[in-house]
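S.K.: Take a look at this one; I'll ask things after.
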Amino acid sequence: MNILLTGGAGYIGSHTAVALVEAGYAPIVLDNFANSHPVVMERLQRITGQALLLERGDVLDTPWLTEVLRRHRPAGVVHFAGDKAVGESVANPLKYYRNNLGGATSLLQAMSAVAAEDPSQPPTLVFSSSATVYGDPVRVPITEDFARSHTNPYGHTKLVIEDMLQALQTAQPHWRIGALRYFNPVGAHPSGLIGEDPAGIPNNLMPFVAQVAVGAREHLNVFGGDYPTPDGTGVRDFIHVMDLARGHVAAIQALLGRGESFTVNLGTGRGHSVLEVVAAFEKASGRAVPYRVTPRRAGDVAQCWADPSLARQLLGWQSRHTLDEMCADAWRWQRENPNGYRS
Ligand code: WQD
């Protein structure tokens with residue numbers, strides 16, 4: 001059964017492709033490699049033992065995207081493609097509105113056109129949303145009914161796409177839509193063949209810590225040591241990327257089975273502080289991770305972690321991996337791929 005993954009060569013997309021093959025699906029990777037690398041396809045073949053189909057192009061190209069959907073007639077689509085750097089979105093909002101909102105609109109139009117030609121197969125979509133839609137939560141853990149807000153254009157695009165999907169669902173109730181609100185994806189496939197490959201200086205904590213541990217960076221800046229948290233540093237719900245990938249498989253299975261649409265958190269339900277991550281990474285790598293506490297980063301919240309019980313109830317999914325395993329897998333990927341996919 002074909003599943004089309006837009007942005008399928010990216011960090012979450014590539015790990016989801018592995019999990020889909022493990023579950024007996026045939027993922028088709030669609031990517032323009034703007035934020036990913038063609039070598040991922042070879043790595044996926046080494047992991048899965050299969051040469052996955054690749055459609056190279058841009059989701060903004062609606063005629064091309066429609067033709068791809070018509071050719072493959074996937075049972076479902078997982079939409080990963082888009083830009084995701086919070087800081088960049090503040091500096092360059094139009095890129096984010098164009099790529100993220102334009103890309104989602106283009107995909108929905110293409111799916112609508114192809115679904116109209118084949119009413120026997122209702123359009124089925126899993127959307128990569130984010131805990132960023134919760135803004136600064138009033139308390140933790142976070143449930144899906146919490147108020148949404150945005151503090152940056154990236155988060156705004158996720159929130160608007162969720163609203164677009166809701167409007168489409170109202171207008172065309174036969175759509176089967178699952179929105180997955182990721183918390184903090186980290187780690188890598190245990191093979192060490194695929195992982196997070198940020199361009200330039202990593203914005204996110206785990207890849208930065210890994211680069212300090214391997215000696216590529218001198219020290220970590222801990223953004224704020226005066227938060228109202230147990231050790232004063234930020235607390236987040238770090239979730240292993242393979243747990244997240246399996247959450248997408250569970251979402252596809254639920255949509256193709258029961259067929260009801262849903263929006264769920266994909267998190268572990270546990271918060272860990274920045275300093276806890278540093279300690280866990282030192283333990284996993286056997287390397288020191290020197291750090292300096294610096295002022296808070298603009299836009300950061302003190303605490304953010306999920307109540308994942310709705311995903312367990314609706315999808316029969318829950319995370320399995322510990323922070324130690326996340327750090328061990330992130331370390332293996334960093335150590336064996338010092339230049340990411342460019343080595
Ligand atoms: C985690 C913690 C930082 C870097 C972002 C996006 C979110 C999602 C996940 C896409 C915070 C601290 C970080 C560093 C640090 N992405 N930190 N030094 O900000 O929770 O979420 O990534 O969906 O949308 O907003 O993740 O990894 O940047 O930060 O001290 O060099 O680590 O202050 O407390 P964040 P993060």
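S.K.: Quick check for you: with a 1.4 Å probe and neighbouring chains kept, what is the accessible area per residue of the chain, in Å²?
M.R.: Accessible area per residue: 42 Å².
S.K.: Can I ask one more? How much length is gained on full extension from Asp231 to Ala75, taking 0.36 nm per residue of separation minus their Cα-Cα distance?
M.R.: 51.5 nm
S.K.: Where is the GNM fluctuation largest for the chain (alpha-carbon springs, 10 angstrom cutoff): Ser129, Ser273, Ser191?
M.R.: Ser191
S.K.: Where is the GNM fluctuation largest for the chain (alpha-carbon springs, 10 angstrom cutoff): Tyr11, Tyr97, Tyr291?
M.R.: Judging by the Gaussian network model, the answer is Tyr291.
S.K.: If you don't mind, there's one more thing I want to ask. Can you compute the FRET efficiency between Ala279 and Arg335 using 1/(1 + (r/R0)^6), with r the Cβ-Cβ distance and R0 = 30 Å? Round to the nearest 0.05.
M.R.: Efficiency for this residue pair is about 0.95.
S.K.: Also, quick follow-up: Take the alpha carbon atoms of region 194-257, find their center, do the same for region 72-119, and report the distance between the two centers in whole angstrom.
M.R.: Going from one Cα centre to the other spans 24 Å.
S.K.: For region 261-343, state which GluC sites (Glu not before Pro) are in a DSSP loop and have at most 14 other beta carbons lying within 10 Å of their beta carbon.
M.R.: Sites meeting the loop and neighbour criteria: none at all.
S.K.: Can you tell which of Asn337, Gly225, Leu244 lies farthest toward the positive end of the dipole of region 221-343, using +1 and -1 charges on the Cβ of basic and acidic side chains (Lys, Arg; Asp, Glu)?
M.R.: Asn337
S.K.: Only Cα pairs within less than 10 Å get springs; with that Gaussian network setup on the chain, which residue of Asn92, Asn265, Asn32 has the largest fluctuation?
M.R.: The residue that fluctuates most here is Asn92.
S.K.: Is the shape of region 98-165 rounded, prolate or oblate, going by the alpha carbon gyration tensor and its root eigenvalues a ≥ b ≥ c, with a/c under 1.5 for rounded and a/b larger than b/c for prolate?
M.R.: oblate
S.K.: Here's something else I'd like to know. Give the lysines reachable from Lys158 as a straight Cα distance under 26 Å; neighbours fewer than 8 places away on the same chain don't count.
M.R.: Cross-link targets: Lys84, Lys95.
S.K.: From the square roots a ≥ b ≥ c of the eigenvalues of the alpha-carbon gyration tensor of region 23-116, which class results: rounded (a/c under 1.5), prolate (a/b over b/c), or oblate?
M.R.: Oblate is the answer for region 23-116, as a/c is 1.5 or above yet b/c matches or exceeds a/b.
S.K.: Next up: Take the alpha-carbon positions of region 246-338, form their convex hull, and give its projected area averaged over all directions (one quarter of the hull surface) in nm².
M.R.: With the hull built on Cα positions only, its mean projection is 8.3 nm².
S.K.: Can you pull the one-decimal nm distance between simple spin-label points at Asp163 and Ser191, each 7 Å off the Cα toward Cβ?
M.R.: 4.2
S.K.: Here is a further query. Under a straight-distance cross-link criterion of Cα-Cα below 13 Å, which aspartates and glutamates are reachable from Lys283, leaving out those fewer than 8 residues away in the same chain?
M.R.: Hits, sequence-local ones excluded: Asp324, Glu325, Asp329.
S.K.: Same structure, new question: Rounded, prolate or oblate: pick one for region 184-276, where a ≥ b ≥ c are the square roots of the eigenvalues of its C-alpha gyration tensor, a/c under 1.5 means rounded, and failing that, prolate if a/b is larger than b/c, else oblate.
M.R.: Oblate.
The values are calculated or read from the model by the stated rules, or taken from the named source; none is laboratory data. Here the structure is a predicted model, which means the values were calculated and not measured. Note that each Cβ is placed from the backbone with ideal geometry, even for glycine, and that neighbours are counted across all protein chains shown. Please note that ligands, DNA and RNA were not included when accessible areas were found on the heavy atoms of the full protein model with its side chains. Shrake-Rupley method; radii C 1.70, N 1.55, O 1.52, S 1.80 Å.
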